[in-house]
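Working notes for the structure below.
The values are calculated or read from the model by the stated rules, or taken from the named source; none is laboratory data. If you're wondering where the values come from, they're calculated on a predicted model, not measured in any experiment. Cβ atoms come from the backbone with ideal geometry, glycine included; neighbour counts cover every protein chain shown. Heads up: the accessible areas ignore ligands, DNA and RNA and are worked out on the full protein's heavy atoms, side chains in. Shrake-Rupley method; radii C 1.70, N 1.55, O 1.52, S 1.80 Å.
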Amino acid sequence: MPLPLFNLPNQFLLSLATAILIALFPVETYAEDLFMIQSEHTEITVLSMDSYFWQHEISGQNQTADDYRMTISIPETAELESISLEVTINGKTKKVQRDQFLTKSTVDWSAFFTGEQKYRVLIPMKCTFQLKYHTTNQHTIFLSRFFKHGFFDAKYATTRVHLPENLQITTQLNKIYSGDDMVFDSLDFAQSKETLYFIVHPKGTTPEGYFSNWFSEKIEPLSVPDLQLVSANMETLSESTDRTELAKACFSYVQQNIRYVDIENGIHAIVPRASKMTMANKYGDCKDMAIVLYGLLKHYQFETYLSVSRTFMKKDTFDFPSIGMANHMIVSLKLNNEWYFLDPTEDECRFGDPSIQILGTEVFQIGNTGSYFHSVPSQPRFTPEANLTYRFSKNAAGTIDLKIFLYTKGKLNQNFIYFKQQQENHEKDLRDYLNHLFPNKPTLDNYIISDTSSNLELTMQLPPNSCNQIGSNFYIDLNQLPDIQKLSLFLSGMETPRFNSNYTITLQGITGPNIAPEEAITYNNTLPGMITINYTITEESAKIDSKPNLFWKKLCSKPLKFIP
Amino acid sequence: MKTTLLTILFLLPLTLLKAGDDYKWPEYIPMSIPDQYKNIDAVYLENSRTIDFHQMNQTSEIYFKRIKILSKKGMETFSKRELYQFNDGIITLKQARVIKPSGEIVELEKEHIIETLQEEKYSYGTSYFKRIQFIFPNLEVGDVIDVVYQMRYDHYLLSQTIYMESDLPALNARLTLRNMSMLELNVFPMQNMTDFISRSSDDIPTFAWHKTNVEQQTESFFSAPAPNSSKVSYNLWYRGEILTYDNYYEFDLMQYRESKGIIGFNKLLQKEGLLQDEQTPLNKLIRLIWHIEQHFEWISEAETSATVKTTDYFSRKVVNKTLFFRYMQAFMDENKIDYNIGFTQDLDDGKFEPGYVSFSQLQHRFLEIKDLEGNAHYLFSPSSPNSFYYMDEIPFYAEGNNGIILNGDKINLTNAFNTVIPVSDQLSNKHTANILLKVNSLVTDSIAFKRSDLFTGHYSVLFRGDNRASSLRHFAVAEELVPPVDSLLYYPYDLNFKQEGHYKELINEIEDTLFWFKPELLLPSGIYFEDEQNEEITEFGILPFIKSDKFSVYLESSTPINLRETTKTLVYNNEIGLVKAEAIQINDHTIKFIYEIKLTKRILENKIQNEALQQLLQGWFNIRTKKWAVSQ
């Protein structure tokens, strides 16, 4: 007799863990010759700007000894009308019942919008197969890219498009296609590119103009803010001449009052919800937050544009109006003749700095007929800096104490701003956080955290692994201090930070050995009992084998003599 | 009786009482927050769970949670609540609302309740997973969130142990069990749960508990329910009866002993060449376990059919938990080895409570086997192909817990007696390493070594099956798989590895004659696991086992060497244990380094003791990574 559910919590957790693992790491990698898509044929029939049919035929083989799961994606606004799977096993061909091979997954574990709904197709082991599906779709704006080898890296892939007379396709390569029967194959792609971005638009319009108008028509009615909900301070600021302070207050209002929650369904995959609704709910996704900020800035008569953008996760340069190239929305503001790219989804971001995820990317400014595309600076407006001083001194017990002074600025200060924003009980969290950098739990003697910079002072007794005492002499082992890579990871929060930061490390109370400095590192040991190292961390130099880190390792390769 | 039970479970008529969509929210009465909770992020004003057993093999559970948001962090944490639904159990009711400090009530509209799902097809069926997100708009510190949801199962949850402690402290925690089924509901309240209401309102037998100021229960790697946690176990059993060990024994006989087609097991084993006449029956049993461990394929419990004879499974060389015990019992029955059946539960799930028969407590089955001298030996089942337990090896999840021993024949239970599962001592669980390093001069890149590592007790278990290579790496013995040169046949199953080779990067020059000697590479990086320092600190934790490790490292040079350190002994100890390193100049050519880890406390009863464990771990790190100054 089965005895069900003796251990429900364990089963629950196991199932949850399994579900998460399946979602995060679907096992779909096989040797090419064992699982292969032979051909993919896509047929797109556009009826009007607002509707089209999509038919897809995939032929392939699964010669592995395991079932294989294929994921097919269709746009958020599409309906799957029909799907069929035919398999041939041992020479016998049969149709698989839909409920035996098809499942749907609407769980999106990533915070980044894909604009797609996903179906999973189970391909049996040791078979050849043919999968066909047909969707009806709204909004040709979702038609945005072709893949040279299809969606599944097929040996042979073609796409046939039927367009009504009044519409045309413009590709990223500035080629224009029109007609009732067009075939796209690898010859239409740029030589080294796997993806061809395009847009369907009415003849007589430009791609950028159409793209901009499509969004404008939908967005403008939604962008009116509920001014009852903003602070009186903002109204006061609007009467002053300090326009920067007013823009800052608008940004701060959205950043601090609207919680980022990634709920993106249906047309809201690409179009924001009404600004008033988001302000009342106090939550929204990137588009919802952006339209609130855009509405406020517009209300106060700034030159501002809601901007379709990409984060650094999207690799292709966003230089063509295709939603397939974008995954984010921000606000562009022209202030004092300068562009500000405002992303309120980053809670700790200082006004004026682009968020980390958009540094070095591009935006499309909706409605800016003069110039739609703009580049976001690759570096923050406020240079990130960290100064770290280690001061070694002998205590009354005759052992060595270490005093640590840490000063941070710009984006390297953002982690500390987080603690300040927590308001209540943040000191304990701050101590716990610092213990990741200094695990021997130094005491936090003093700290000041502001929106622009922070100062922290810590003290600890040197643990036994950090010191060799030989007679009356002490030698300090710097290996127990965080290396350059760890320090960068701790302060930037990223393994390879997307911005450059200037670091200064000062060691007081030890002799500085003579080491030839590496390129881009300044090393000064001329003063007795004082070493100063200056370097800049870039995306490249944050790595473990980078020059600054190797220099630090060289410095740590021998203990340094303590000078009382 | 067995047939009757199945009829009761599956053929009764359906009348399911639903919470329905018209859930009536409990009245909200503002209450002040006691001082002890004022610095936390959120607190349950009410945390209530109602379990209904319906007439036809269905169970529903209604959860009502009233949460007061006390900080900005709490607001951010609780502004999005998620529920998960799997194949087993569906959510039939989900509602939420916010009560503002002004008393205004805002119902959560459907657009703020987001449902997403994920299905996967497998050869054995479909896995189903649904996520339900409650997103609370305009949430502020001081708001109160009400959430209610109902889980429905198309079977009876026959037995559970329910704790009142949850993820937040609760000013009020309630549990109600209502029985509308044809079965009998028996409850066993433990610790401070003896004060409850038992009534039969509208002919529905009901048990209800209400506790105030219930503490938070945290969950992390080493966490377990504290002994003083408020808990209730229940069983559903035949009407008018209470589940006893007598009828459970009958059930157990059916599963493991009766009519399973094992006849002439000895002959089968002889045919396999497994039995030698000079061995004692117990030795033969030990050999049989090894044989199964090494040569049998692991199959899931679901792959075991009642219609297939056990001998057929044995011939197919397959094993799982159930088959393992059938093989063992068949062998012992035929060889007249005296044994009893025992049960206990995972210590991480709480203490086994004697005096109450509950399915939920009979989690782990074991055999108590008597040798010819009448001494008792324990045998636990494997839980996977890599976790076979030999005779007298007690899994660390069971060590020290209470249990029950059932003694009977092939028909009836004769006795049931309480037992305490033995706990291994510090000296039974050892990792001892002797490492001899030989150099001609300290100016060298490569050092010849001879190394011998001995693992005993629980350590030995960690090296079973495919786990051996990773355990060797983890305990810094070898990067590659090496076979043991020797292994003891009886508890504590000593496992000895011997190696010779060359180590690199153990010595580097500081200045002319001064060197750093770095034994770090020779020593395990953690006390139990590599990343244990990052584990969250819990209120009540159980460490796997207490132990004593000793690593002796001899640095021997053909030219004289000197230890230059002023401080030669490094020690860190606290109430959890001790870590130590000592450097000794043995003679002009040899320096000995002794490292020790001694764990003296296994059950950590409060946050302070858990912090002491973290400090001990840091202490070991500081000692292990010490570079010793030596000269030549």
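Check whether at least one residue in segment B:80-100 is under 29 Å from B:I162 (Cβ atoms), more than 8 Å from chain A (Cβ to nearest Cβ), outside any strand (DSSP E or B) and modelled with pLDDT of 90 or more, and report yes or no. For segment B:80-100, residues under 29 Å from B:I162 (Cβ atoms), more than 8 Å from chain A (Cβ to nearest Cβ), outside any strand (DSSP E or B) and modelled with pLDDT of 90 or more: absent.
When restricted to residues that are open to solvent by 10 Å² or more (accessible area, probe 1.4 Å) and not in a strand (DSSP E or B), segment B:399-413 contains 5. On inspection, A:L306 qualifies as within 24 Å of A:G370 (Cα to Cα), of a type outside the set (F, W, Y), in contact (Cβ under 8 Å) with a residue 60 or more places away in the chain and buried (at least 24 other Cβ atoms within 10 Å of the Cβ).
Of all the residues in segment B:345-360, those that are modelled with pLDDT of 90 or more and facing chain A (nearest Cβ under 10 Å) number 2.
Filtered by the rule that a residue be open to solvent by less than 10 Å² (accessible area, probe 1.4 Å), under 30 Å from A:N395 (Cα atoms) and either within 14 Å of another protein chain (Cβ to nearest Cβ) or out of contact with any Asp or Glu (no Cβ under 8 Å at 6 or more places or on another chain) (or both), segment A:517-558 gives A:I531, A:I533, A:L555, A:C556.
Looking across segment B:165-179, the residues that are more than 14 Å from chain A (Cβ to nearest Cβ) and either over 16 Å from B:K231 (Cα atoms) or not in a strand (DSSP E or B) (or both) come down to B:L168, B:P169, B:L171, B:R178, B:N179. Here B:Y572 meets the list (1) assigned to a loop (DSSP other than H, G, I, E, B); (2) open to solvent by 20 Å² or more (accessible area, probe 1.4 Å); (3) not acidic (D, E) almost entirely, failing just condition (1). Please determine, by comparing only the residues of segment B:29-45 that are of a type in the set (V, I, T) and assigned to a loop (DSSP other than H, G, I, E, B), which one is nearest to B:G103 (Cα to Cα). The extreme case among them is B:I29.
The rows are residues; the columns are (1) assigned to a strand (DSSP E or B); (2) touching a Phe, Trp or Tyr at 6+ places or on another chain (Cβ under 8 Å).
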| residue | (1), (2) |
| --- | --- |
| B:L372 | no, no |
| B:P382 | no, yes |
| B:N386 | no, no |
| B:M391 | no, yes |
| B:Y397 | no, no |
| B:N415 | yes, no |
| B:T419 | yes, no |
| B:L427 | no, no |
| B:T432 | yes, yes |
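Of all residues in segment A:85-97, those satisfying the criterion of being surrounded by 16 or more Cβ atoms within 10 Å (Cβ to Cβ) and under 19 Å from B:E119 (Cα atoms) are A:L85, A:V96.
For segment B:232-251, what are the residues that are surrounded by fewer than 20 Cβ atoms within 10 Å (Cβ to Cβ) and not in a helix (DSSP H, G or I)? Scanning segment B:232-251 gives B:Y238, B:R239, B:G240, B:E241, B:I242, B:T244. Residues in segment A:340-363 that are touching an Asp or Glu at 6+ places or on another chain (Cβ under 8 Å) and either open to solvent by 40 Å² or more (accessible area, probe 1.4 Å) or not in a loop (DSSP other than H, G, I, E, B) (or both): A:R350, A:I356, A:Q357, A:I358, A:E362. Scanning segment A:441-473 for residues that are more than 36 Å from the chain's Cα centre (by Cα) and either basic (K, R) or outside any strand (DSSP E or B) (or both) yields a count of 7. Determine if segment A:495-510 includes at least one residue that is at pLDDT below 95, open to solvent by 10 Å² or more (accessible area, probe 1.4 Å) and within 14 Å of chain B (Cβ to nearest Cβ). Among the residues of segment A:495-510, not one is at pLDDT below 95, open to solvent by 10 Å² or more (accessible area, probe 1.4 Å) and within 14 Å of chain B (Cβ to nearest Cβ), which makes the answer no. Would you confirm whether any residue within segment A:330-339 is part of a helix (DSSP H, G or I), out of contact with any Asp or Glu (no Cβ under 7 Å at 6 or more places or on another chain) and without any contact (Cβ under 8 Å) to a residue 40 or more places away in the chain? Checking segment A:330-339: not a single residue is part of a helix (DSSP H, G or I), out of contact with any Asp or Glu (no Cβ under 7 Å at 6 or more places or on another chain) and without any contact (Cβ under 8 Å) to a residue 40 or more places away in the chain.
Which members of segment B:482-512 meet the condition of being within 14 Å of another protein chain (Cβ to nearest Cβ) and surrounded by 13 or more Cβ atoms within 10 Å (Cβ to Cβ)?
Those that are within 14 Å of another protein chain (Cβ to nearest Cβ) and surrounded by 13 or more Cβ atoms within 10 Å (Cβ to Cβ): B:I507, B:N508, B:E509, B:I510.
Within segment A:229-268, the set of residues being of a type in the set (A, V, I, L, M) and open to solvent by 30 Å² or more (accessible area, probe 1.4 Å) comprises A:L229, A:A232, A:L237, A:I267. Among the residues of segment B:94-104, the one identified as open to solvent by 60 Å² or more (accessible area, probe 1.4 Å) and in contact (Cβ under 8 Å) with a residue 12 or more places away in the chain is B:P101.
Residue-wise test of (1) away from every other protein chain (no Cβ under 13 Å); (2) under 19 Å from A:S492 (Cα atoms); (3) open to solvent by 50 Å² or more (accessible area, probe 1.4 Å).
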position: A:Q421; (1), (2), (3): no, yes, no
position: A:N435; (1), (2), (3): no, yes, no
position: A:P442; (1), (2), (3): no, no, no
position: A:D451; (1), (2), (3): yes, yes, yes
position: A:N455; (1), (2), (3): yes, yes, yes
position: A:L462; (1), (2), (3): no, no, no
position: A:I470; (1), (2), (3): no, no, no
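When only residues in segment B:194-221 that are aromatic (F, W, Y) and open to solvent by 20 Å² or more (accessible area, probe 1.4 Å) count, which is modelled with the highest pLDDT? Looking at the filtered set, the residue picked out is B:F207.
Just so you know, in segment B:106-120 the residues that are more than 13 Å from B:V147 (Cα to Cα) and open to solvent by 30 Å² or more (accessible area, probe 1.4 Å) include one that is farthest from the other protein chains (Cβ to nearest Cβ), and it is B:K110. The strands (runs of 3 or more DSSP E) falling completely within segment B:576-632 that include 2 or more residues that are over 26 Å from B:E509 (Cα atoms) and open to solvent by less than 60 Å² (accessible area, probe 1.4 Å) map to B:577-587, B:590-599.
In segment B:432-479, of all residues being among the acidic types (D, E) and within 29 Å of the chain's Cα centre (by Cα), the one that is modelled with the lowest pLDDT corresponds to B:D466. I'm trying to understand the selection: among the residues of segment B:122-147, which are within 10 Å of chain A (Cβ to nearest Cβ) and open to solvent by 30 Å² or more (accessible area, probe 1.4 Å)? Across segment B:122-147, the qualifying residues are B:Y122, B:S123, B:T126, B:S127, B:Y128, B:K130, B:N138, B:E140, B:V141.
Annotation: B:Q294 fulfils all but one of (1) among the polar types (S, T, N, Q); (2) open to solvent by 60 Å² or more (accessible area, probe 1.4 Å); (3) in contact (Cβ under 8 Å) with a residue 24 or more places away in the chain; the unmet one is (3).
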